[in-house]
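Participant: If you scroll down you'll find the structure; I have some questions about it.
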Amino acid sequence: MTDRPHQDSANSMWGGRFAAGPDAIMEAINASIGFDRRLYAQDIRGSRAHAAMLAATGIISDSDAMAIREGLLTVLSEIEGGDFPFRTDLEDIHMNVEARLKELVGEPAGRLHTGRSRNDQVATDFRLWVRDQYDAAIDGLTALIRAALSQAEAGADWVMPGFTHLQTAQPVTWGHHMMAYVEMFGRDRSRFQDARRRMNESPLGAAALAGTGYPIDRHATAQALGFDAPMANSLDAVSDRDFALEFLSASSICAVHLSRLAEELVIWSSAQFRFVSMSDKWSTGSSIMPQKRNPDAAELIRAKIGRILGATVALFTVMKGLPLAYSKDMQEDKEQVFDAADSLMLALAAMSGMLFDLTANRDRMEAAASSGFSTATDLADWLVRELGLPFRDAHHVTGSLVALAERKGCDLPDLTLADLRSVHAGIDDRVFGVLGVHNSVASRQSYGGTAPDQVRAQITRWKERLA
């Protein structure tokens with residue numbers, strides 16, 4: 001047999017169930033301390049609330065509760081100071097903390113686990129950690145929305161091409177384009193807010209799966225931990241991971257939005273577009289091409305969706321076939337969420353920084369908006385509105401004029417009145433009032449349209465909402 005460090009200690013944590021410790025492979029597959037040590041603060045917080053409740057209900061003495069409290073604070077200090085000896089043979093953060101607590105305070109440590117199980121303990125710890133990530137995501141999105149608003153406000157009347165199929169479609173404003181992302185990130189923010197409200201119930205006290213015979217006060221521990229209420233069914237309390245699945249789902253949608261904006265920044269910062277210039281803080285040079293400024297931060301944000309979506313699929317796959325209540329499969333819930341949360345928070349922070357430092361090239365965007373026949377729809381609408389043509393006829397006339405402009409090597413506003421009348425004799429010089437890109441965007445006055453005053457109204461609405 002191979003040596004098994006701390007084997008007797010590990011077996012004692014299991015109440016003597018095993019005559020010999022697990023072999024190296026079993027120890028490796030069973031242990032989670034390599035990653036769930038991140039839950040240390042939540043584990044200690046939950047244990048402190050549980051001990052205080054046990055004393056308040058008379059289940060343990062005040063002196064034992066005080067010893068546990070002080071011992072847990074010492075453990076917290078050791079972990080935060082980097083002096084805590086994490087042990088793989090103790091499997092997880094819960095047993096590591098409890099074993100160290102026993103070394104510090106002795107017999108009272110054995111009373112801490114009264115009226116609870118590792119099942120409700122880990123469910124509580126993980127829920128507390130994920131709740132913190134919800135708050136971080138909401139804060140990160142709020143900062144990102146403010147960054148996009150600052151860009152929108154600066155360029156509420158800056159004209160740029162609007163695209164479909166990445167082909168020039170109609171003129172829009174830079175402010176309008178930025179406000180599209182404000183709406184997208186606003187929905188992300190509301191998803192995290194909504195899911196946080198739904199998950200804010202406490203599993204603590206559900207014990208292994210059936211509750212406990214001790215006269216515990218679950219409402220007291222729920223309140224102490226900032227939950228709205230205890231979960232109403234003990235089976236559900238220990239087996240639910242919806243809060244993690246919702247976090248991953250909302251993170252995946254948010255990451256898609258971040259990726260789409262990152263893709264546009266990559267395109268817009270290219271030499272072919274030159275719509276934006278990215279700060280040196282968020283771009284890098286080439287090892288052999290001195291003229292290059294690579295949008296590395298945007299590209300890395302664009303890639304984060306792969307990790308986050310992968311984590312989402314992984315956890316859904318873990319959970320899909322599990323019977324109630326707890327199964328060891330659920331140990332695989334944390335690494336995916338940890339990685340996704342890290343990736344999301346980093347991407348949110350980087351995108352906020354990029355937008356705050358981004359410089360939009362107003363002249364270049366306007367020049368691009370003025371090419372590619374971007375006011376063709378305005379011309380068709382004018383033919384309908386002023387000459388009474390059916391829209392399909394107006395569409396045909398406009399297409400003929402676009403073809404004429406292509407042959408002449410110019411854009412629609414550059415055609416002469418004679419050119420225009422050669423296709424339809426009813427056209428008069430009033431048409432030139434709708435062919436300019438500024439006139440085009442100013443005319444889009446419908447709610448949510450690209451007209452600058454509409455954009456500014458939406459900016460005001462969002463500022464009030466955030467305030």
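Participant: Using only the alpha carbons, work out the radius of gyration and Dmax of region 355-407 in angstrom.
Facilitator: 15.6, 48
Participant: Still on this structure: Pop a pseudo-label 7 angstrom from the Cα along the beta-carbon direction at both Glu103 and Ala154 and give the gap in nm to one decimal.
Facilitator: If labels sit at Glu103 and Ala154, their model points lie 5.5 nm apart.
Participant: Report P(r) for region 157-256: all Cα-Cα distances, bin width 10 Å, range 0 to the bin holding the largest distance, values in whole percent.
Facilitator: 14, 28, 21, 15, 10, 10, 3
Participant: Amide H neighbours of Val276 under 5 Å, at least 5 residues apart or on other chains, H built in the peptide plane: list them.
Facilitator: Ser269, Asn361
Participant: If you average the alpha carbon positions of region 440-467 and of region 326-359, how far apart do those two centres end up, in angstrom?
Facilitator: What the calculation gives is 32 Å, centre to centre.
Participant: In whole angstrom, how long is each semi-axis of the equivalent ellipsoid of the chain, when you take the square root of 5 times every eigenvalue of its Cα gyration tensor and sort them from largest down? Numbers along the way, then the final one.
Facilitator: Numbers: eigenvalues 780, 104, 69 Å².
The three semi-axes for the chain are 62, 23, 19 Å.
Participant: Please compute, over every Cα-Cα pair in region 372-435, the percentage with a separation greater than 13 angstrom.
Facilitator: Details: 1117 of 2016 pairs.
Summing the P(r) tail past 13 Å for region 372-435 gives 55 percent.
Participant: Moving to a separate point now. Which net charge results when you count Lys and Arg as +1 and Asp and Glu as -1 among the other residues whose beta-carbon is under 13 Å from that of Ala360?
Facilitator: Details: positive: Arg274, Arg362, Arg364; negative: Glu153, Asp157, Glu264, Asp357, Asp363, Glu366.
With Lys, Arg at +1 and Asp, Glu at -1, the neighbours total -3.
Participant: Amide H to amide H, which residues 5 or more places from Thr173 or on other chains are under 5 Å from it, using H placed in the peptide plane?
Facilitator: For Thr173, whose amide H was placed from the backbone, the distant partners under 5 Å are Met160.
Participant: Label region 321-390 by shape, choosing from rounded, prolate and oblate, from the square roots a ≥ b ≥ c of the eigenvalues of the Cα gyration tensor; if a/c is under 1.5 it is rounded, and otherwise prolate applies when a/b is larger than b/c, oblate when it is not. Don't skip to the end; give the middle numbers.
Facilitator: Values: a/c = 7.05, a/b = 2.17, b/c = 3.25.
Note, shape of region 321-390 comes out oblate.
Participant: If you don't mind, another one. The chain: longest stretch without exposed trypsin sites (Lys or Arg not before Pro) (DSSP loop, at most 10 other Cβ within 10 Å), sites themselves excluded? Mind showing how you got there, number by number?
Facilitator: Values: sites that count: Arg17, Lys320.
For trypsin sites (Lys or Arg not before Pro) (loop position, at most 10 other Cβ atoms within 10 Å), the longest site-free span of the chain is 18-319.
Participant: Extension gain Ala229-Phe432, at 0.36 nm per residue separation less the Cα-Cα distance, in nm? Display every interim value, and only then the final one.
Facilitator: Working: separation 203, 0.36 × 203 = 73.08 nm, distance 6.56 nm.
Result: 66.5 nm gained on full extension.
Participant: Along each of its three principal axes, how wide is the spread of alpha-carbon positions in region 118-367, in whole angstrom units, largest first?
Facilitator: 75, 38, 31
Participant: Let me ask something additional. For Thr359, what accessible surface area do you get with a 1.4 Å probe? Give it in Å², rounded to 10.
Facilitator: Roll a 1.4 Å probe over it and Thr359 shows about 80 Å².
Participant: Next question. Just grab the label-to-label distance for Ala271 and Ser443, each label 7 Å out from Cα along the Cβ direction, in nm (one decimal).
Facilitator: 3.8 nm
Participant: Using the heavy atoms of the protein chains alone and a 1.4 angstrom probe, what is the accessible area of the chain per residue in square angstrom?
Facilitator: Numbers: 21560 Å² over 467 residues.
In whole numbers, the chain has 46 Å² accessible per residue.
Participant: Given bins 5 angstrom wide, list per bin the percent of all Cα-Cα distances in region 48-197, short to long.
Facilitator: 2, 8, 12, 12, 12, 8, 8, 7, 6, 6, 6, 6, 4, 3, 1, 0
Participant: Translational diffusion coefficient of region 24-111 at 37 °C, 0.692 mPa s, Stokes-Einstein with Kirkwood Rh over Cα pairs, in µm²/s as a whole number. Let's see the in-between values first.
Facilitator: Working: Rh = 13.4 Å.
Answer from the Stokes-Einstein relation: 245 µm²/s.
Participant: Can you tell me the length gained on complete extension of the stretch Thr416 to Ile138, counting 0.36 nm per residue apart and subtracting the Cα distance?
Facilitator: Taking 0.36 nm per residue and subtracting the Cα distance, the gain is 94.7 nm.
Participant: At a 1.4 Å probe radius, carbon and sulfur cover how many percent of the accessible area of the chain? Before the final figure, lay out the partial values.
Facilitator: Working: 11300 of 21560 Å².
Roughly 52 percent, rounded to a whole number.
The values are calculated or read from the model by the stated rules, or taken from the named source; none is laboratory data. Small disclaimer: the values here were computed from a predicted structure and weren't measured. A quick note on method: Cβ atoms are made from the backbone with ideal geometry, for glycine too, and the neighbour counts reach across all protein chains shown. Side chains included, ligands, DNA and RNA excluded: accessible areas come from the protein's heavy atoms. Shrake-Rupley method; radii C 1.70, N 1.55, O 1.52, S 1.80 Å.
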